[in-house]
Structures are given as structure tokens and as C-alpha cells.
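Structure record follows, encoded as C-alpha cells.
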2 protein chains.
Amino acid sequence: MAGWTLPQPMIRALALAEAAAAAGEVPVGAVVTRAGAVIAEAHNAPREGHDPTAHAEILAIRRAARALGQERLTDCELWVTLEPCAMCAGAIVHARIGKLYYAAADPKGGAVEHGARVFDQPQCLHRPEVYAGMGEAKAAALLRGFFSARRS
Amino acid sequence: MAGWTLPQPMIRALALAEAAAAAGEVPVGAVVTRAGAVIAEAHNAPREGHDPTAHAEILAIRRAARALGQERLTDCELWVTLEPCAMCAGAIVHARIGKLYYAAADPKGGAVEHGARVFDQPQCLHRPEVYAGMGEAKAAALLRGFFSARRS
């Protein structure tokens, strides 16, 4: 019998991160689910559209809200391959995402367990449940491979 | 001779905030300028498009980057009527906005001089010059008027 495997949405987020790298974007992928169904997905794409806000999480949240016709995603889960930055953590708050799953921690740019620690601020209006670490090795390897290829 | 008057981009940002209120959105407006010219503008619009990320700053930054065909707005100024939240402060960092002017401080949701203090984090990759307070009275009055009308 197989051991524990990654949840399907994180497997998909990692595939999206690979697609980002193939497109010359920093490899980060994100998926929004609700009740087990995929509502929206995206990979990081700031270069493609000349859009500094086009992180995977922002794109996935915007697409999910549009798909559901509602500004709030209270009963949704966000799966992302990297610890969200301050911008994306703020968007998660505004969207009222119920549960956040992220793979690799990001000591340089992350704002969940590092830096601005957006959800830990006393003024923070909404705190998702946060689960970190699943898929971490693969997510980090994708990022390392991307940046080492660009430096060489 | 007239005394000091508000810079034109902040006057325009306040007019955009009024337009937001007229559209049923929280009254916040934003303008991006470069070398004295308006590159993009927006008002807060999360309800209109079912988009939790559609704060005035995010929309104005996205439009400016698209208009200039570049991801970074290093030589641009952002004028906004309210202290940016964590999401918008993060976007300002990613866009490398050179100067940030905001009118009213926001102790509840702001993340520049309150809460997450995004630009003050040691990991923060870019800090805009920040000028706060011009147009504050009008910006705050618009917000108070909007929320008191909705409570009554």
C-alpha cells in the first residue's frame, strides 16, 4: 500500500510552478479549491503581462472570485508552492480565504512566518488556518533550479 | 496670492475617491505619475468586479505598468487618499514605486505606519520615499461620510 501522498491540489500547484519556470517566470503555482473542487489556478506571471502584482496567489484569488461571482472566498482553500509575500498575504485576508496550504517557506520574501507576519498583526481582520511544509522539497528544488540556471 | 494648494495628482485622487463612493465602493482613489504626467488612475472597486484585490493602488499600479510596458515603476510616484494596506504596500515594493504620497493614515488597515509596517521590515527589498498627510482632512471626511451613511 502506498504511503501518504501530497494532496492533489498541491501536486497541481507544483505542476503550475514548473509551467511558470518554462515560461521564464519565477516558479510559483497556486490553486483555489472549494469542497474538493478546483475553482481557479494560476502560475506566477509578472513578466508575461508587465504586471508587478501578478503573483500566482493574486491571479488565482482574482479568478476564483470572478468564477464564484463573489468578493469573499470564505469557504475556499488556497494551495501555493511558496510562503506568500506581504501583498499576497494581504489579498488572502481581503478574500477571507479559509485555509492556506503552502509548501516552501521564504525567509527572504515571505510574510506569514517571516518579515511582516501579516496574519499575526493585532489589526488583522481575518486569519486563515495555515498549514506549511507539504511539497516543500519539490517547491524549493524548482526555485533553486530556476535561479541557478539564470545565474549560469 | 493663494496659499499652498494640494498637488494636482492628490486633488485627482480625492475626486476618484468621491467617484468610488458614488459607485458604492469604499472611497479611496489613486494616481500614478511620472515626470509630472498622469500615467494611470483608479478608484477602489472590489465590489464592481467581484475582485478582493481591486484596491485603488493595485488597479493604478497594474494600469501604469501595462501603459509603460514594464513591470517596474521605479521613476514613478503613487498618490493615494488612504494609507496603503499590507497588500498594496507589498505591490508598491514589487513595482519599485519611487515616491508614495498618501493622505489619511489608517490605524485599522494601514501597513505603512501601522500594523505590518511593510517598508520597515529588514527583508524589504525596496523602500519608497513616503510623504503622508496632504489632503488628509478631505480623504478622512469622505470615508467618515461613506461609512456613516451606510450605518444609518
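Every read-out reported here was derived from the displayed coordinates using simple, explicitly stated rules and does not represent laboratory data. Keep in mind the model is a prediction, meaning the values are calculated, not measured. FYI the Cβ positions are ideal-geometry reconstructions off the backbone, even for glycines, and counts take in every protein chain you see.
Tabulated data
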item: Relative compactness, chain B, computed as alpha-carbon Rg over 2.2 N^0.38 Å; result: 0.98
item: Neighbourhood charge, 12 Å Cβ-Cβ cut-off, centred on A:LEU6 and excluding it, Lys, Arg +1 and Asp, Glu -1; result: +1
item: Net length gained if the chain between B:ALA141 and B:ASP75 were fully extended (0.36 nm per residue, minus Cα distance); result: 20.7 nm
item: Cα-Cα separations in the protein assembly as shown greater than 24 Å, expressed as whole percent; result: 50
item: Across the identical copies, how the B:ALA19 labels are spaced - nm, sorted shortest first, 7 Å along Cα→Cβ; result: 3.5
item: Under the Karplus curve 6.51 cos²θ - 1.76 cosθ + 1.60, θ = phi - 60°, whole-Hz ³J(HN,Hα) for segment B:31-36, x wherever Gly or Pro sits; result: 9, 10, 10, 8, 6, x
item: Point-to-point label distance, B:ALA35-A:ARG96, nm (Cα→Cβ direction, 7 Å offset); result: 4.6
item: Net charge over other residues, Cβ less than 10 angstrom from the Cβ of B:ALA116 (K, R count +1; D, E count -1); result: 0
item: Inter-chain shielding of B:60-68 (mean C-beta neighbours from other protein chains, 10 Å cut-off); result: 3
item: Column: log10 I(q)/I(0), Debye, Cα scatterers of segment B:80-152, q = 0.24, 0.27 Å⁻¹; result: -1.04, -1.22
item: Rounded to 5, percent antiparallel among DSSP beta bridges of the protein assembly as shown; result: 55
item: Where rotation carries B onto A, the chain B residue whose Cβ is nearest that axis, in whole Å; result: B:ALA116, 2
item: Label point distance in nm, B:ARG150-B:ALA23, each placed 7 Å from Cα along Cα→Cβ; result: 1.5
item: Segment B:36-63-segment A:1-52 distance, computed between alpha-carbon centres (Å); result: 25
item: Local electrostatic count at A:GLU136 - Lys and Arg +1, Asp and Glu -1, tallied over other residues with Cβ under 14 Å; result: -1
item: Contact order relative to length of chain A, as percent, for alpha carbon pairs under 8 angstrom and 6 or more apart; result: 20
item: CD proxy at 222 nm, helix term only [per DSSP H run n ≥ 4: -39500 (n - 2.57); per residue of chain B; nearest 500]; result: -11500 deg cm²/dmol
item: Per-residue mean of C-beta atoms belonging to partner chains within 10 Å, peptide A:43-56; result: 5
item: Spatial separation of Cα centroids for segment B:87-128 and segment A:91-108, in angstrom; result: 19
item: Mean Cα-pair separation over length for segment B:65-152, i.e. relative contact order, pairs under 8 Å, 6 or more apart, %; result: 28
item: Peptide ranges B:113-123, B:10-20, A:54-64, A:83-93 listed from the most packed, as the mean C-beta count within 10 angstrom indicates; result: A:83-93, A:54-64, B:10-20, B:113-123
item: Hits among aspartates and glutamates - C-alpha to C-alpha of A:LYS99 under 12 Å, sequence gap 8 or more where chains match; result: A:ASP75, A:GLU77, A:GLU129
item: Average other protein chain Cβ within 10 Å of Cβ, residues A:31-42; result: 0
item: Beta bridges per DSSP with both ends in segment B:21-149, % antiparallel, nearest 5; result: 55
item: Computed log₁₀ I(q)/I(0) - Debye formula, equal Cα scatterers, no solvent, segment B:1-70, q 0.26 Å⁻¹; result: -1.09
